[in-house]
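The values are calculated or read from the model by the stated rules, or taken from the named source; none is laboratory data. Remember, predicted model here, so these are calculated numbers, not experimental data. Methodologically, a virtual Cβ is constructed for each residue, glycine included, from the backbone with ideal geometry; neighbour enumeration extends over all protein chains shown.
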Amino acid sequence: MTEGEVTVAITSRAPAPGGGVSTTPAAGPPAPPPAPPGPRTAWAEGVERLRAAATTEPGRLRIIGAVLAALVLLFGTSAVWEVSDRVTAAEDVVGHSQPLSADAASLYRSLADADTASSSGFLAGAQEPREVRERYEKDIANASRLLVNAAANTDAGGDSRKEIALLGQQLPRYTGLIEQARATNRQGLPLGGAYLRYANEQMSTVLLPAAQRLYEAETGRLYKDYDDARSWPAVATLTGLLALGALVWAQRRNYRRTNRVFNHGLVAATAAAAVVLLWLTVGQTLARSGLSEARSGGQESLKVLNDARIASLQARAGENLTLIARGAVLAEDKTSDKYDVEFTKNMKELDSGLATALRLADDSSGRRPVQQAVDGVAQWKRRHAAARETDMRGDYELALPQVIGDKDHKDSSGASFDTVDASLEQAVAHEQEQFTQAARGGLGALGGLVTGSAALAVIGAAAALLGIGRRLSEYR
Amino acid sequence: MRIRAGRDHGYGGDGSPAAASAASGAGAASGAGAGAPVRRPARRLRGWGGVGAMAAACALTAAVVLLPLAQAAPDGVGPGAVRPPATMALAPATPADTCQDPEASLRPGGVDGPAVERIRKAGKLVAGVDQNSFKWGYRKPDGHLDGFDIALVKAIAKDILGDENAVIYRAIPTSQRIPALKENRVDIVVRTMTINCKRLEDVAFSTAYFEAGQQVLAPKGSPITGYDTSLNGRKICTAAGSTAEAALKSQSYGSVPVSVANQLDCLVRLQLGEVDGIITDNALAAGQAAQDPSVQLVGSPFTREFYGVAMNKDAGDLVRRVNKVLENYRAGGNDSPWMQAYRTHLEAVLPNVTAPPAPKYRDG
């Protein structure tokens, strides 16, 4: 017995009786050792034969060949299995859960936008500008479409379904209140303003929180897919190392016994296994970095920008409602105007959101629209302060165009808001593109790996068998 | 509980609107301090022991005095009086206040002082008004302001400047009524503003130009008949911080109170079927009824509060001048400008008012 054989007994355990038992089932098909039929149990018979075979060199060689082929195939199978899991998760990130998260963000934004548009239209009175009405209608249509879409596609679980059902119930109620407000306003009745405030309350206390929860659930689902796609294929790596180790040992044993340096079959099998392992490592590393970049550079920025956008929309609604309610509703301190307080609060959130977005923006083309939004917000605040002062002075007729703008007031706070909104939209589009690009890059890194590793594993197993077969033929 | 001998003057037998709006026509029978129960509908006696009611009324009044409601009260639903329930048959309660006769104002005069001089020089009267209070101060679909308050502003402008359109209207938010006057951003505020002692510390008021009271508003055909046991089991809406809310807290008649931010929000809830009735100032309730023909005021008012024109505390000459305008505004019996404005804006929804409230004056 050589030293090598002792090692075998420890590492692969193939020739040892006990170890042979454990590997026999896997080794069965490729290297057909003794076929079973017999009066005793097939199992006992198999063990018996194996034990008998292990006493001769050809028998040992057969067992070694079977084990090598089995290990290479096991490696290939686990690589295919683990990588296709990650490919599926990465595909889900790009093609399923990220779009669903983006849709939920879009739904959230459409609702907030509809509320802002309805209050803007209301302020303009009977001469509600057509484009404001169209914006509202588009928002509602978009929200309804996204809601149906979300209901059909979500798999984020029961909580998401609950939010979708709630939104489905409350959205028609909200639009009903808005239409009532509009119809009443067109008759010149102050009651319309009360309806609008009620609708706004429904929006900001029921619909928007539900949409936000839905967005967060979908984003949570997305992050889960990220983690799945990024997790290291540990089983494949381990079996790969094992297969390579066994191949190296077999060649070393071969060299010791025959003094031949290369057995072509075994070398080919080693090369195939090494290529698969390398490919797996590099591909997964690239995919991980792509997905990480998509998450940190794209998704996180998207979340911050979406939140900032919602804050800007709600601030605008508050600004409009301050003019509509005229102090009819007080904040909790019982002295300040509720809607003015909300405006200030949302502007603060917008400020901090934009500061974070600016920090997260990782290139100049991402920073530019955010910087524009920051400038727009500063201008908006100045104009709002001026309009608010005019209003507090009691000059409603002047304050109104300062807020909603008209042909003599191009420099309204509404125009600043439009700048902010457009810049944020641009920034969101940019980050979305960055996300898609990075995530697609990550997904691409795994491309071909499944088919490649399957094919190479089969080739490797076949080569190992051929290599051992060549040695065996020397005994005939 | 302070007894208000002087108040009955404004209430008594001179055809005051309070008597008229009580819809009994017996107001004249109520002599000063006598507190005759004649005008009260007998049904309101039900379920009330005089002593218990008196105690409840005192407690409620005290509560209202102590609560600093002035700032929180939207649109003139100020801390007014919660009048002892009708059974009391005493004189109507004063606004729960810390001063004597808050609605007694300076005697009328036509001598121009610095305040009137300044308005003349500017050529425009700057008036703080509401634009969301239907039938009082609101924007018509054409964008112009109209209403009972606006008509009074025009009368004042016509008297001082000779032109009823020489007015700059400032649609001031509720919370800005007093600051706007103190900082002289407006000359007068005519905005369903209740006269009370707390506000008298900051501004001056004209004589009362309207008497209002808390009253129940319910859908036509509703079994609710007023501030009484018919409220049992009904959801009743009031504005947060208003006199009506305090009244329901002290005597709910088995109703379920629902509190909202503003009295107009109550009408929204009523139309949506979320509440069965509303309690608010009847002047504002009239504005609500005017926006929804399917609701109406029921029962009688159970408090009294007076609206006045508010001015800067130092503008004594302007107060006298406005009081002179009000004298003329009230004069002429059924054809007085006051009655004409009433018929134009309010009669349809707040019927049975036959005359303006009588002015009360103090010297000094």
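Things to note:
- Region A:276-291 residues that are in the same structural domain as residue A:244 (by TED's automatic domain parsing), paired with ones that are assigned to a helix (DSSP H, G or I) and among the hydroxyl-bearing types (Ser, Thr, Tyr) (beta carbon under 8 Å, 6 or more apart): A:276/A:453; A:277/A:237; A:279/A:453; A:280/A:237; A:280/A:453; A:281/A:237; A:291/A:226
- All positions within region B:175-185 that are under 22 Å from residue A:329 (Cβ atoms) and within 11 Å of chain A (Cβ to nearest Cβ): B:175, B:176, B:177, B:179, B:180
- Residues located in region A:193-252, provided they are closer than 19 Å to residue A:82 by Cα, surrounded by 17 or more Cβ atoms within 10 Å (Cβ to Cβ) and β-branched (Val, Ile, Thr): A:237, A:239
- Number of the condition not met by residue B:192 [criteria: (1) more than 13 Å from chain A (Cβ to nearest Cβ); (2) under 14 Å from the mean Cα position of the chain (by Cα)]: (1)
- Just one of (1) farther than 25 Å from residue A:335 by Cα; (2) in contact (Cβ under 8 Å) with a residue 60 or more places away in the chain fails for residue B:157. It is (2).
- Taken over region B:143-168, the criterion of being more than 8 Å from every other protein chain (Cβ to nearest Cβ), within 21 Å of residue B:287 (Cα to Cα) and of a type outside the set (A, V, I, L, M) is satisfied by B:144, B:146, B:147, B:148, B:149, B:154.
- Hits in region B:211-224 (condition: assigned to a loop (DSSP other than H, G, I, E, B) and farther than 26 Å from residue B:194 by Cβ): B:220, B:221, B:222, B:223
- For residue B:169: the one exception among (1) in contact with a Gly (Cβ under 7 Å, 6 or more places away or on another chain); (2) of a type outside the set (A, V, I, L, M, F, W, C); (3) not in a helix (DSSP H, G or I): (1)
- One residue from B:95, B:74 being more than 14 Å from every other protein chain (Cβ to nearest Cβ), modelled with pLDDT under 50 and under 30 Å from residue A:190 (Cα atoms): B:95
- The set of residues in region A:333-349 that are of a type in the set (D, E, K, R) and buried (at least 20 other Cβ atoms within 10 Å of the Cβ) comprises A:337, A:338, A:340, A:342.
- The residue list B:348, B:315, B:355 contains one member that is among the aliphatic types (A, V, I, L, M) and within 19 Å of residue B:125 (Cα to Cα), which is B:315.
- Exactly one residue out of A:234, A:165, A:211, A:181 is touching a Gly at 6+ places or on another chain (Cβ under 9 Å) and modelled with pLDDT of 90 or more: that is A:181.
- If only residues of region B:250-294 that are more than 10 Å from every other protein chain (Cβ to nearest Cβ) and part of a helix (DSSP H, G or I) are counted, the one that is surrounded by the fewest Cβ atoms within 10 Å (Cβ to Cβ) is B:250.
- When region B:113-130 is limited to residues that are surrounded by fewer than 24 Cβ atoms within 10 Å (Cβ to Cβ) and in a loop (DSSP other than H, G, I, E, B), the one that is farthest from the other protein chains (Cβ to nearest Cβ) turns out to be B:113.
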